[in-house]
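Working notes, structure below.
The values are calculated or read from the model by the stated rules, or taken from the named source; none is laboratory data. Predicted model only: the values in this text are computed from it and were never measured. Here the Cβ positions follow ideal geometry from the backbone for every residue, glycine too, while neighbour counts run over all protein chains shown. With ligands, DNA and RNA removed, areas are computed over all heavy atoms of the protein, side chains included. Shrake-Rupley method; radii C 1.70, N 1.55, O 1.52, S 1.80 Å.
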Protein chains: 4
Amino acid sequence: MLVVMQAGATTSQIEHVLAAIESLQLTPHPLPGATRMAIGITGNTAAVDSGTIEVLDGVKECIRVTKPFKLASREMHPADTVVPLPTGSIGPGNFTLIAGPCSVENEAMIQQTAEFLLENGVYLLRAGAFKPRTSPYTFQGMGIEGLEIMKRVRARTGIGIVTELMDTENADAVEEAADIIQIGTRNMQNFALLKRVGRARKPVLLKRGMSATLEEWLMAAEYVMAGGNYQVILCERGVRTFSDHSRNTLDLSVIPPCKALSHLPVMVDPSHGTGRRAYVPPMAMASLAAGADGLLLEIHPTPDKAMSDGAQSLDFPAFKKLLDQLRQAASIFGRRL
Amino acid sequence: MLVVMQAGATTSQIEHVLAAIESLQLTPHPLPGATRMAIGITGNTAAVDSGTIEVLDGVKECIRVTKPFKLASREMHPADTVVPLPTGSIGPGNFTLIAGPCSVENEAMIQQTAEFLLENGVYLLRAGAFKPRTSPYTFQGMGIEGLEIMKRVRARTGIGIVTELMDTENADAVEEAADIIQIGTRNMQNFALLKRVGRARKPVLLKRGMSATLEEWLMAAEYVMAGGNYQVILCERGVRTFSDHSRNTLDLSVIPPCKALSHLPVMVDPSHGTGRRAYVPPMAMASLAAGADGLLLEIHPTPDKAMSDGAQSLDFPAFKKLLDQLRQAASIFGRRL
Amino acid sequence: MLVVMQAGATTSQIEHVLAAIESLQLTPHPLPGATRMAIGITGNTAAVDSGTIEVLDGVKECIRVTKPFKLASREMHPADTVVPLPTGSIGPGNFTLIAGPCSVENEAMIQQTAEFLLENGVYLLRAGAFKPRTSPYTFQGMGIEGLEIMKRVRARTGIGIVTELMDTENADAVEEAADIIQIGTRNMQNFALLKRVGRARKPVLLKRGMSATLEEWLMAAEYVMAGGNYQVILCERGVRTFSDHSRNTLDLSVIPPCKALSHLPVMVDPSHGTGRRAYVPPMAMASLAAGADGLLLEIHPTPDKAMSDGAQSLDFPAFKKLLDQLRQAASIFGRRL
Amino acid sequence: MLVVMQAGATTSQIEHVLAAIESLQLTPHPLPGATRMAIGITGNTAAVDSGTIEVLDGVKECIRVTKPFKLASREMHPADTVVPLPTGSIGPGNFTLIAGPCSVENEAMIQQTAEFLLENGVYLLRAGAFKPRTSPYTFQGMGIEGLEIMKRVRARTGIGIVTELMDTENADAVEEAADIIQIGTRNMQNFALLKRVGRARKPVLLKRGMSATLEEWLMAAEYVMAGGNYQVILCERGVRTFSDHSRNTLDLSVIPPCKALSHLPVMVDPSHGTGRRAYVPPMAMASLAAGADGLLLEIHPTPDKAMSDGAQSLDFPAFKKLLDQLRQAASIFGRRL
């Protein structure tokens, strides 16, 4: 349920409404807007008579949200969410790039990649310290040491860090090291992990599960938001189908309905989506055209020597060329890059 | 197998090679190029010693084609295919629009649509006289009468006609009425129909089957080309997956590998791909960005009164707006529209 | 709509109702039952007032059928359909085997297979004269000559013939040669072909399309039945999914809902479903247990020398062993074999 | 790599080999067999010269395992794994039933269900204390209190408990309460959780991921086994496809290839696989026929009042009827029940 306050509602009126909601054993979520405050209510609202709240001072109206996702729905939050970052915000008007190697391999390559990105006006670096690998016998990432490397590179260069959290044990360490905490496709319905990042103070980039419907994806975002962390960025990365010409089937057609149902930003990962570096640039351009808010891209100083996912990583010149093409096209699509 | 002739090979040398191929019980396909002639060979070439042909006068070399599709492969035909039409060619450099209603409903609406398209610089009209319908009890199209309507509109306006052929019985009539013969998704592996249009004198627009791999799609094109009709235009229209946010899952990621493996033009049908008119414009833009050669779009003077597929049809103002956006973006992607 | 006649309705009363239905521009389908006659009505029944028919002499009641498939639905025909054949009926109480090679390769092997089957109490032989092949360059079947071979073997041995029809051109020839006309998975929505076999006098075995929903499959059966041929046998043969451990994903779970929604018999083809002969026997047993009415099996005198699909064909001893296991288990599942 | 010891190898020879493997920075896994000991080696064995180990006393031979899964592969462990339990073993010759409600709702219903099962010769009860729910606002299970209820019922009745572990935080509590720890479909690639149960002393029932290939599923089992817990039971529960006639597409065809590639027992969950109680019995019978080692079934004293998954739960009389049918059929398939 959504409580819309009157334009001139006072702080004490708002606090009174919050208290009234809590006294009904429900959870209030203050949602400040440009002209007025709204308050989302989650919990078992079915039994609540909206009249109980509508009579309170300063309340304009109560609106029932028809979707199973509430905080993630556009009904409850009509304006597009903006995720503010020290390096510039993610959301409407911007087209944000996050780029970097699949894994942290050593400090030199992270430093080199950060410098390259900053020189080219890209302010977010992605790299995995913890890697979800199908086999227990393959490289699982550098772990805490990888996080330390990224922290030092961030301190030296000012670049923002996007890195994956795979389990609750390492949540504090990743939260400290990351500017954006990534939840991977295999963990989209790891509910314990979603609840944990719902308590984090950093934005969460939530990849779509390999066979997740749009509703399930938004419900996973709802888990994070229900915990109080409203800074969720969705990321399409390809779904699993019969189709074998690419590693996954990049589902760009999810972007328009996702934008219609939710206010959250949507990025696209064409590297995992296609699995082949030659196919990354056209799908990156198509993501921009389809209405995405940005891209997650794998790049590597020497892709053929990468410890993981080299086949889908762009080298620096190829990335630079793509960047030029994206910048040339962005304004056509109403985006700054 | 591909026979590449020397740059200055004479007509009689070429004819001698053609005859030699036929004498081996194989089928030669002359493939004229900008600077030299090539000759594709289909049939059971496994048993043929390429030396037999390489020694002939005027032959430069013989190349084995490694893919199961031969005439459709870029190995055999490195340059992009151009499909010439009275109204302008489909292929590299161009971005071609084909638009119109799902079905021919009456002569007035076809005339009205044709005039609207021509006024807006669109030269190809699509409309179905024969409709593949899931239920035997729903409107199956106007049939021959629908073809007659389109022939009259073409005669009056000069617009090109794209219409679906569903069975061999109506092949002559459709071939006469159409500038491009459409083969629908349900008939992508209707081999009798593919063989029939392989003998047609009109280009064939071949929609991807609902669960066809890229290789199967190109093999379907190969059926048409093996019959001697090399003017095949591929059309992606969404594949069937678990995903339920759209009618089908529009697979734009098939475009880059399709372009890598084949020289045939690829168009996209975002109307069937999404099933919802609001999602058509972003996916149309994304198709352009992904490298498609054009679009097949459903438009209708009054979509809410359409006899079929109204939910996915754009009305005229929405189409005009999309056209403007496409024209604005086309040059960025190296296309004329 | 379904018209249920009174138990003692006379022939002239029935004929009067049939005429009344036709005068409404609708199509009546007489559906004789054990104790009374019913009449299915197809066409645009939405506009018909059932009262118009209910007042006619001999009519007990009119029932609206809620499913889009009418003649194929259990609502309209509560009892299981029995398909009578000279060699024994397909349907409840029986578990029918149809076995044979993928293709007719020569007369000796068809004769040998027919003799082997009859010795083992199997009365239906399957073999393809026309083969739907992905590539235009591979063996397409022996064609009419293959049909002639099967006709001679049938004449000599009395075995029933099941063979695929791929196009309307060969419909007369296949209808003459076959005891059951098979429609392949690629043609499940070849509506021209479905309409043609709707006029045939032989039962139709309708394979499920590679990505057909249950409703689409029953609608395809409806096309055949709407033409007047009520002898349709459904055949599950695996659907296309991401799963790669078998050629297709054999969907045995479709059997219970199919039996709930429709009265038509359902057979299973575990040979195409699995693509590997070692997996055929357990899936054959599972088909029996899941409630199927029989099996379509590929067997070959020398599978390793088969011209097509050898990897999924059982040799004669393996088939005989499976037959013994099926016979041992059949009575547990209330079936005769 | 697999080290096969000689039939008469002594304990000190075996210990010497184990030490030698560890000195190579690899992990040895002793695999006792009926007639001789084998030792699996995991880790980066690519660099190891098998000759180094083959020369040790008591070693018969070293075998390279070609599959990416090692401990889970039949190459390394040719005999079927038997999972011993106080209530009877899971594995060859047996057909094991695990039944119970979706969630622990209260102590009375768990006690009632346990008594019902034991009266009917079923010794394992399943029920969830922690429930993976798509929505954060729906019943998430009774948690620790649910575990306490099951512990008390086990103490009173002697029934074995199967319950799901969703996160590492509750691992100790679930390990103590459960006789078999269930890992759910959404956590099949929750690698932190797999590693944790790899250190558990209880068998693990590993459900197949919603879109997991057979290889990925066996690799998930490998994660558990690589941690030293070799008691893994696989459980097929339906995969996600386009098909909409059932909640998921129960993939019984995975059983034969799974048995060919791995020695681990495979159970089937037809309740989640179909989502409809009417379809559970035929798919349960089909699972037995396809070669499964047992079933996981949802039953409830009053399904229509269940707090979750009531639509797919059998009531007690329906379960009893199915049990009779399974017992009648089991011996045909070489199983005791």
Which of the residues belonging to the stretch A:110-159 are of a type in the set (S, T, Y), under 30 Å from A:L337 (Cα atoms) and out of contact with any His (no Cβ under 9 Å at 6 or more places or on another chain)? A:Y123, A:T157
Filter the stretch C:164-191 for residues that are open to solvent by 20 Å² or more (accessible area, probe 1.4 Å) and in a helix (DSSP H, G or I); the one that is farthest from the other protein chains (Cβ to nearest Cβ) is C:E176
Right, A:A200: surrounded by fewer than 23 Cβ atoms within 10 Å (Cβ to Cβ) and at negative phi or not? yes
Any idea which residue in the stretch C:1-17 is farthest from C:E75 (Cα to Cα), counting only those that are assigned to a strand (DSSP E or B) and out of contact with any Cys (no Cβ under 6 Å at 6 or more places or on another chain)? C:M5
Complete set of residues in the stretch A:227-239 that are buried (at least 24 other Cβ atoms within 10 Å of the Cβ) and farther than 23 Å from B:A289 by Cα: A:V232, A:I233
Is it the case that C:T168 is without any contact (Cβ under 8 Å) to a residue 12 or more places away in the chain and β-branched (V, I, T)? no
For B:D167, indicate whether it is assigned by TED's automatic domain parsing to the domain that holds B:E107, charged (D, E, K, R), in contact with a Lys or Arg (Cβ under 8 Å, 6 or more places away or on another chain) and more than 22 Å from B:G273 (Cβ to Cβ). no
Checking B:A330 against (1) more than 9 Å from every other protein chain (Cβ to nearest Cβ); (2) at pLDDT 95 or above; (3) open to solvent by 10 Å² or more (accessible area, probe 1.4 Å): exactly one of these is not met. Which one? (3)
Check whether at least one residue in the stretch C:104-115 is within 21 Å of the chain's Cα centre (by Cα) and under 30 Å from C:P317 (Cβ atoms), and report yes or no. yes
Is it the case that the stretch C:150-163 has a residue that's in a helix (DSSP H, G or I) and within 14 Å of chain B (Cβ to nearest Cβ)? no
Any chance you could count how many residues in the stretch C:1-13 are closer than 14 Å to C:C62 by Cα and open to solvent by less than 60 Å² (accessible area, probe 1.4 Å)? 5
Is the stretch C:203-216 home to any residue that is in contact with a strand residue (DSSP E or B) (Cβ under 8 Å, 6 or more places away or on another chain), open to solvent by 10 Å² or more (accessible area, probe 1.4 Å), more than 28 Å from C:D309 (Cα to Cα) and touching a residue at least 40 places away in the same chain (Cβ under 8 Å)? no
Hand me the list of strands (runs of 3 or more DSSP E) wholly inside the stretch D:18-135 holding 1 or more residues that are of a type in the set (D, E) and surrounded by fewer than 20 Cβ atoms within 10 Å (Cβ to Cβ). D:59-63
Does the stretch C:297-317 include one or more residues that are under 22 Å from D:I332 (Cα atoms) and open to solvent by 10 Å² or more (accessible area, probe 1.4 Å)? yes
Tally the residues that are surrounded by 18 or more Cβ atoms within 10 Å (Cβ to Cβ) and farther than 20 Å from A:S271 by Cβ, restricting the search to the stretch A:143-163. 4
Restricted to the stretch D:288-313 and to residues being at pLDDT 95 or above and within 14 Å of chain C (Cβ to nearest Cβ), the residue farthest from the chain's Cα centre (by Cα) is D:A289
Of (1) out of contact with any Phe, Trp or Tyr (no Cβ under 8 Å at 6 or more places or on another chain); (2) more than 7 Å from every other protein chain (Cβ to nearest Cβ); (3) under 20 Å from A:G294 (Cβ atoms), A:R199 satisfies every one except (3)
Quickly run through the stretch A:247-287 and pick out the residues that are within 7 Å of another protein chain (Cβ to nearest Cβ) and open to solvent by less than 10 Å² (accessible area, probe 1.4 Å). A:T249, A:L250, A:D251, A:L252, A:S253, A:V254, A:I255, A:P257, A:G273, A:T274, A:M283, A:A286
